[in-house]
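Following: one structure in C-alpha cells, then a few remarks.
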Amino acid sequence: MDSPPPDAAPESGPPVLEVHEIGNRTYLVADVEPLDVTGVRTVAFGALMFLGAGLGLLPSYDWLEDTGRVWWLWTCAAGFGLGLFGIAYCRRRARAIARDAAARGSAAR
C-alpha cells in the first residue's frame with residue numbers, strides 16, 4: 001500500500017487557511033464552522049448527564065453514606081442546578097445575538 005508523503009495535502013476536507021510551524025511540528029489551521037454556536041444543546045446535555053448520574057446513584061444511597069461519599073450526590077445536584085442556570089443563560093444569550101443580528105440586518109437596508 002502506497003501512502004502519500006507526509007507533506008501532501010489531504011484529498012478532502014476544508015481548505016487549509018494557515019500553516020503554523022512551531023519547533024519541528026507543522027500545524028494546519030482549517031476554516032470550519034462551530035457545531036453549536038449558542039451552547040444550549042451542549043449545556044443541556046451536560047445537565048442531563050448530571051441528572052442521570054444523580055438518579056443512578058440514588059439506589060446506592062446507603063453505600064454512599066457508609067463510605068462517606070454522599071458528596072457525590074451533592075455534586076450531581078449542583079451540576080444539574082448549574083446546568084439549568086446555564087441553559088437559561090445560553091438561551092438568553094442566543095436571543096440577544098439573534099436580536100443584534102436582526103438589528104444590523106435592518107440597519108443595513
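All of the numbers you see were taken from the coordinates with simple rules; none came from a lab. Everything numeric in this text was worked out from a predicted model, so none of it was measured. Cβ placement follows ideal geometry from the backbone for every residue including glycine, while neighbour counts extend to all protein chains displayed.
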* Asked: Taking the Cα-to-Cβ direction at I97 and at R41 and moving 7 Å from each Cα, how far apart do the two end points lie in nm?
  -> 1.3 nm
* Asked: Taking the Cβ-Cβ separation of E33 and L82 as r and a Förster radius of 25 Å, what is the calculated FRET efficiency to the nearest 0.05?
  -> 0.35
* Placing +1 at every Lys and Arg Cβ and -1 at every Asp and Glu Cβ, with all other atoms neutral, what dipole size does region 40-108 have around its Cα centre, in debye to the nearest 20? -> 740 debye
* Asked: Which order, highest average first, do 22-29, 58-65 follow once you tally other Cβ atoms within 10 Å for each residue and take the mean per peptide?
  -> 58-65, 22-29
* If you stretched the chain out fully between S60 and L48, how much longer would it get, using 0.36 nm times the residue separation minus the C-alpha to C-alpha distance? -> 2.4 nm
